[in-house]
Amino acid sequence: MSARVHLFDTTLRDGAQTTGVDFSLDDKRAIAVMLDKLGIDYVEGGYPGANPLDTAFFEQKPTRQAKFAAFGMTKRAGRSAANDPGIAALLEAKADAIVFVAKSWDYHVHVALEIPLEENLAGIAESVAAAKAAGREVMLDCEHFFDGYKANPDYALACARTAYEAGARWVVLCDTNGGTLPDEVGAIVAAVAKVVPGESLGIHAHDDCGCAVANSLAAVEAGARQIQGTLNGLGERCGNANLVTLIGTLKLKERYRERFSIGVADERLGELTHVSRALDEMLNRAPNRHAPFVGSSAFATKAGIHASAVLKDPRTYEHVAPEAVGNSRKVLVSNQGGKSNLLAELERVGVTIARDDPRLSRVLEELKDKEAQGYAFEGADASFYLLVRRILGEVPEFFGVERFAVNVERRHNALGELVTFSEAVVKVKVGDEVLISAAEGDSGPVNALDIALRKDLGRYQSLIEGLRLVDYKVRIFQGGTDAVTRVLIESADENGERWTTVGVSANIIDASFQALTDSIVYKLMREGATA
C-alpha cells in the first residue's frame with residue numbers, strides 16, 4: 001500500500017507576499033476553484049480579520065473537494081483564547097481547517113514575543129484546543145522550526161508535542177528563513193517523528209537556498225505526510241516550495257510514484273501546464289520558460305545531435321513524456337510532434353476531433369503561426385476554442401464590423417476639472433442590417449469601445465444583455481514604441497460563467513477590439529445562436 005501524502009496550497013496566503021503580486025477577490029476565488037479541480041487537498045485562503053479582502057473571501061467557501069483553511073496567530077499573551085479577536089475571526093470564517101502559526105525558536109520567543117517560553121507553549125495548547133472544540137481541523141505551523149531545533153531541540157520539540165497533544169491534526173515544520181539543507185531536513189524530521197507521528201507531520205519550505213522542493217521531498221522520505229507550497233513557487237523573498245514541480249515529481253518519478261499517492265488524479269495531471277500558465281496570465285506575468293515540467297522550454301531541443309536523437313526516440317533527452325503534464329515537445333528544426341498535446345487541449349475545451357482528421361494539422365499550423373505573432377492561449381480558452389471552431393468551419397458569421405473609431409480628448413469639465421474623456425463609434429452589419437452605435441465616458445477608450453460594440457447587435461442583443469467585462473490585462477512584447485501588444489480580456493455573464501479572450505497587435509486598441517469581439521462571439525456560441 002502506498003502512503004498518502006497530502007498537498008497543502010498556500011498560494012493565496014504566503015504566495016500573496018510575493019513582490020509585485022496582488023490578488024483581487026475574484027482572483028482568489030478563481031485560483032481556489034482551479035486548485036480544487038486539480039486535486040489539491042487543502043487550500044489556504046488567507047488571514048480572515050486581517051484585511052477586508054480576506055474577510056470577504058471567507059464569507060463563502062470557494063472549494064468543493066479541497067478543505068478550505070484559514071490562517072492566523074495563536075492567542076495573544078495576557079488574554080484567553082475566548083477573548084482573542086484574532087481567534088474569533090478564525091472561528092467565524094467559513095473554513096474547514098484553522099492553521100495557527102506559533103514561534104518554535106526560543107530566540108524568537110524571547111526577542112519577538114518577549115514572553116516566557118512556557119507561556120508560548122500554553123498559548124499553543126489553548127489555541128489548538130479552542131479550535132478543536134469548535135469542530136475545526138487544526139494545524140500548527142511551527143515557525144522557524146529548523147533553526148529553532150538546531151538552537152534548542154528540546155524546546156522546538158516541546159512546541160510540536162504540545163500542539164499534537166492538544167489535538168492538532170497536523171504539526172507543520174517550517175523552514176521560514178529557507179536556509180536549511182536537505183540532509184538537515186531529513187535528519188530533523190526523522191527526530192521529530194519519534195515525538196509526533198509522521199502521519200501528522202508536514203513540511204513548509206522556503207526557497208532561499210534553492211532547496212525548497214528538495215527539502216520537501218527529504219521530509220517526505222523521513223516520514224512527513226503533508227507538503228505545503230505554492231503554485232509556481234510564489235512567496236516572500238525567493239518563494240516557497242513549488243507545488244507544480246512537486247506534483248510532477250511525486251506523480252511521475254518511480255521512486256515516489258510507487259511509494260506515495262497524492263490527490264491529483266492521473267487525468268488531472270495533464271492540466272498541470274495549463275494551471276501553471278493560467279496563474280501567470282492572471283497575474284500578468286510572463287510564465288517561466290525554463291520551469292520544470294511546465295515551462296515552454298522544458299521539452300525544447302535545438303538543432304544538432306540532441307534533436308536528431310529526440311526525433312528517433314524522445315526518451316533519449318526527456319526524463320518524462322511532456323504530454324503527461326499537458327506540455328509539448330519542441331524540436332526547433334522540425335514540425336514533428338505536437339498533435340497529442342493539441343488533442344488533449346481540444347478535449348479540455350470541449351472540441352472533439354479524430355487523430356487522423358487532416359484538419360488537425362491545419363489547426364496545429366495555425367496555432368504555431370498565432371503563437372509566433374505573440375498570441376498565448378494558455379490563459380485564453382475562449383479564443384482558443386473559437387480559433388479551432390473557425391478552422392473547422394463551425395463559427396457562424398453573426399456580425400461583421402465594417403469600421404470603428406475611438407477618440408481620446410483631455411479637457412476641462414463643467415466643474416473646471418481637467419479630465420480625459422473617450423468616445424467610440426462602431427459600425428456593424430448583422431445580416432442585411434447596418435447598425436451604428438456610439439458611446440462615451442471617462443473610463444478609457446477600451447471601455448467606450450466595449451460599450452459601443454455591445455450597444456446594439458440587432459437580433460442578438462437580448463443574448464448579450466448580461467455580458468460584462470470584468471478584467472483587462474496588457475503585456476508588451478519586443479519592446480519599443482512599435483512593440484507588439486497582447487491584450488487579455490476576462491468577461492462574465494448573468495449565469496456566472498467567466499471566460500478569457502486574447503488579441504494581439506502593434507496597436508493596443510486593435511488588440512483590445514479583437515479580444516472584445518471574440519468575447520461576444522463566444523457568448524453567442526454558448527447561447528446556441530445561429531447566423
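Along the principal axes of its C-alpha atoms, what lengths does segment 406-502 span, in descending order and rounded to whole Å?
Dimensions of segment 406-502 along the principal axes of its Cα atoms: 39, 38, 29 Å.
At a 10 angstrom cut-off on C-beta neighbours, averaged per residue, how do the peptides 68-81, 103-116 rank from highest to lowest? Mind showing how you got there, number by number?
On the way: 68-81: 19.6, 103-116: 17.7.
Peptide ranking by packing, descending: 68-81, 103-116.
How far is helix 212-221 tilted, in degrees, relative to the longest principal axis of the Cα atoms in the chain, given as a value from 0 to 90 rounded to the nearest 10?
50
Kindly flag which residue pairs out of LYS28/LYS61; LYS28/LYS523; LYS28/LYS473; LYS253/LYS312; LYS28/LYS67; LYS37/LYS251 have an alpha-carbon separation exceeding 21 Å in this structure.
Working: LYS28/LYS61 11 Å; LYS28/LYS523 24 Å; LYS28/LYS473 17 Å; LYS253/LYS312 23 Å; LYS28/LYS67 15 Å; LYS37/LYS251 17 Å.
Going by Cα-Cα distance, LYS28/LYS523; LYS253/LYS312 fall outside the 21 Å limit.
Ignoring solvent entirely, what values of log10 I(q)/I(0) come out of the Debye formula for segment 70-140 at 0.19 Å⁻¹ when each Cα is a single scatterer?
With one equal scatterer per Cα and no solvent, log10 I(q)/I(0) is -0.69.
So for the chain, Kirkwood radius off the Cα pairs, Stokes-Einstein at 10 °C and 1.306 mPa s: how many µm² s⁻¹? Walk me through the numbers before you get to the answer.
Working: Rh = 25.6 Å.
Estimated via Stokes-Einstein, D reaches 62 µm²/s.
Cα atoms only, segment 436-492: Rg and Dmax in Å?
14.2, 43
Relative contact order of segment 402-459, please, whole-number percent, based on alpha carbon pairs below 8 angstrom and at least 6 residues apart.
Numbers: 115 pairs, mean separation 18.1, N = 58.
For segment 402-459, the relative contact order is 31 percent.
Based on the mean of other beta carbon atoms within 10 Å per residue, what is the order of 119-125, 471-477, most packed first?
Values: 119-125: 20.4, 471-477: 15.3.
Per-residue Cβ counts within 10 Å, averaged per peptide and sorted highest first, yield 119-125, 471-477.
Testing the spin-label approximation: label points 7 Å from Cα along Cα→Cβ at VAL195 and GLU465. State their distance in nm.
Each label point is offset 7 Å from its Cα along the Cβ direction, giving 6.6 nm.
Might you tell me the accessible area per residue for the chain, computed with a 1.4 Å probe and given in Å²?
That works out to 44 Å² per residue.
So what is the relative contact order of the chain, in percent, for Cα pairs below 8 Å that sit 6 or more residues apart?
On the way: 1051 pairs, mean separation 48.3, N = 531.
Contact order relative to length: 9 percent.
Distance in nm between label sites at ALA324 and ASP432, each 7 Å beyond Cα in the beta-carbon direction?
The modelled label-to-label distance comes out at 6.1 nm.
So what is the relative contact order for segment 189-251, in percent, with contacts set as C-alpha pairs under 8 Å and at least six apart?
Details: 99 pairs, mean separation 21.2, N = 63.
Value for segment 189-251: 34 percent.
Probe radius 1.4 Å, ligands and nucleic acids ignored: give me the carbon and sulfur share of the accessible area of the chain as a rounded percent. Spell out each step's value before the answer.
On the way: 11340 of 23410 Å².
Result for the chain: 48 percent of the exposed heavy-atom area is carbon or sulfur.
Quick check of the Kirkwood formula: for segment 357-453, what is the inverse mean of 1/r over all pairs of different Cα atoms, in Å?
Details: mean 1/r = 0.0608 Å⁻¹.
Over segment 357-453, the inverse of the mean reciprocal pair distance is 16.4 Å.
Given points 7 Å out from each Cα along the Cα-Cβ axis, report the GLU409 to ARG257 separation in nanometres with one decimal.
Rounded to a tenth, the inter-label distance reads 6.6 nm.
Cα axis of helix 508-526 to longest principal axis of the chain: angle in degrees, 0 to 90, nearest 10?
Once rounded, the angle reads 90 degrees.
Give, to the nearest whole percent, the P(r) tail of segment 30-86 beyond 16 angstrom, counting all Cα pairs.
Working: 789 of 1596 pairs.
Of all Cα-Cα distances in segment 30-86, 49 percent exceed 16 Å.
Ranked from highest to lowest mean number of other Cβ atoms within 10 Å per residue, what is the order of the peptides 51-61, 423-433, 235-245? Spell out each step's value before the answer.
Values: 51-61: 15.4, 423-433: 17.1, 235-245: 23.4.
Descending packing order for the listed peptides: 235-245, 423-433, 51-61.
Only bridges with both residues in the chain count here: give the DSSP antiparallel percent, nearest 5. Please list the in-between numbers first.
Working: 39 of 79 bridges.
Taking every DSSP beta bridge within the chain, about 50 percent pair in antiparallel fashion.
Working from Cα positions, state the angle (0 to 90°, nearest 10) between the long axis of helix 243-252 and the longest principal axis of the chain.
Roughly 80 degrees between the two axes.
So between ALA354 and ALA309, what do we pick up on full extension, going 0.36 nm a residue minus the alpha carbon distance? Intermediate values should be presented prior to the final figure.
Working: separation 45, 0.36 × 45 = 16.20 nm, distance 2.85 nm.
Answer, rounded to one decimal: 13.3 nm.
At q = 0.15, 0.19, 0.23 Å⁻¹, what is the log10 ratio I(q)/I(0) for segment 103-208, with the Debye formula run over Cα points and no solvent?
So the normalised log intensities work out to -0.56, -0.90, -1.26.
The values are calculated or read from the model by the stated rules, or taken from the named source; none is laboratory data. What you are looking at is a predicted structure, and each value in this text was computed from that prediction instead of being measured. Cβ atoms come from the backbone with ideal geometry, glycine included; neighbour counts cover every protein chain shown. Accessible surface is based on the protein model in full, side chains and every heavy atom, while ligands, DNA and RNA are left aside. Shrake-Rupley method; radii C 1.70, N 1.55, O 1.52, S 1.80 Å.
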